[in-house]
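The values are calculated or read from the model by the stated rules, or taken from the named source; none is laboratory data. The structure presented is a predicted model; accordingly, all values stated were derived computationally and were not measured. Every residue, glycine among them, receives a Cβ derived from its backbone with ideal geometry; neighbour counts consider all protein chains shown. These accessible areas exclude ligands, DNA and RNA; they are computed on the full protein's heavy atoms, side chains included. Shrake-Rupley method; radii C 1.70, N 1.55, O 1.52, S 1.80 Å.
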Amino acid sequence: MLRAISNKELKQRTVIIKNKIRLSAPPEKIWELIVDPFAMKSWNPRIRAVVPITPGKPQANSQYRIRYKLAAKESNFLAEIMEYEDLVRLVLHFSGGNLPRKSFIQEIYEVFSDSKGTQLRQTILLEKSGMGIAGRLSLRMRNIIGASSGKRYLGRLKQLAEGSF
């Protein structure tokens, strides 16, 4: 029998990492760097290779294979665009590879424009990571201060989008 998962259980099973960055580039420039997996490779050094499965430009339900370095190991993942709201929201879903059975990663990108420029918000969900409390805490701290910090990668994206890379 299926039952609803409580918020407490969800938090125990899911690692959530959040980053945001303000850019002076227009949303269109930022969007082209996050929606196209080949363009993502230019600012995210964890992406080693991309092989399209679905022909055409990226859109909802597009799939591709991606070689991604997660922790110290490279592995091949199936990637799918789960949500695509042009210039606003993109949800990427990664499965397979060296993740524990029935686990997945989602990267959520949200773009907001205001009088100060464009803000990009990135949320990474690692579901059923198999990590204990110490492992989840370590991952969050590495994201904040580590050499492979998600913030550092968004800094590279900012340089590319603003034309200074």
Testing Glu107 on (1) out of contact with any strand residue (DSSP E or B) (no Cβ under 9 Å at 6 or more places or on another chain); (2) surrounded by 18 or more Cβ atoms within 10 Å (Cβ to Cβ), one condition comes back false. Which one is that?
(1)
Qualifying residue in region 90-111 (condition: farther than 20 Å from Arg152 by Cα, of a type in the set (D, E, K, R), assigned to a strand (DSSP E or B) and modelled with pLDDT of 95 or more)
no
Among Pro52, Pro58, the single one that is open to solvent by 60 Å² or more (accessible area, probe 1.4 Å) and touching a helix residue (DSSP H, G or I) at 6+ places or on another chain (Cβ under 9 Å) is Pro52
Gly150 passes all but one of (1) modelled with pLDDT of 85 or more; (2) touching a helix residue (DSSP H, G or I) at 6+ places or on another chain (Cβ under 8 Å); which number fails?
(1)
Does Glu85 meet the test of being at pLDDT 95 or above and out of contact with any strand residue (DSSP E or B) (no Cβ under 7 Å at 6 or more places or on another chain)?
yes
Going through region 75-110 one residue at a time, which ones are under 15 Å from the mean Cα position of the chain (by Cα) and of a type in the set (Lys, Arg)?
Arg89
Out of region 49-70, which residues are assigned to a strand (DSSP E or B) and modelled with pLDDT under 95?
Tyr68, Lys69, Leu70
Residues of region 33-47 satisfying the condition of being free of Cβ contacts under 8 Å to residues at least 40 places away in the same chain and surrounded by 14 or more Cβ atoms within 10 Å (Cβ to Cβ):
Asp36, Ala39, Met40, Lys41, Ile47
Can Leu120 be described as assigned to a loop (DSSP other than H, G, I, E, B), of a type outside the set (Ser, Thr, Tyr) and touching a residue at least 24 places away in the same chain (Cβ under 8 Å)?
no
Among the residues of region 22-44, is any modelled with pLDDT under 90, out of contact with any Cys (no Cβ under 6 Å at 6 or more places or on another chain) and either more than 14 Å from Leu120 (Cβ to Cβ) or not acidic (Asp, Glu) (or both)?
no
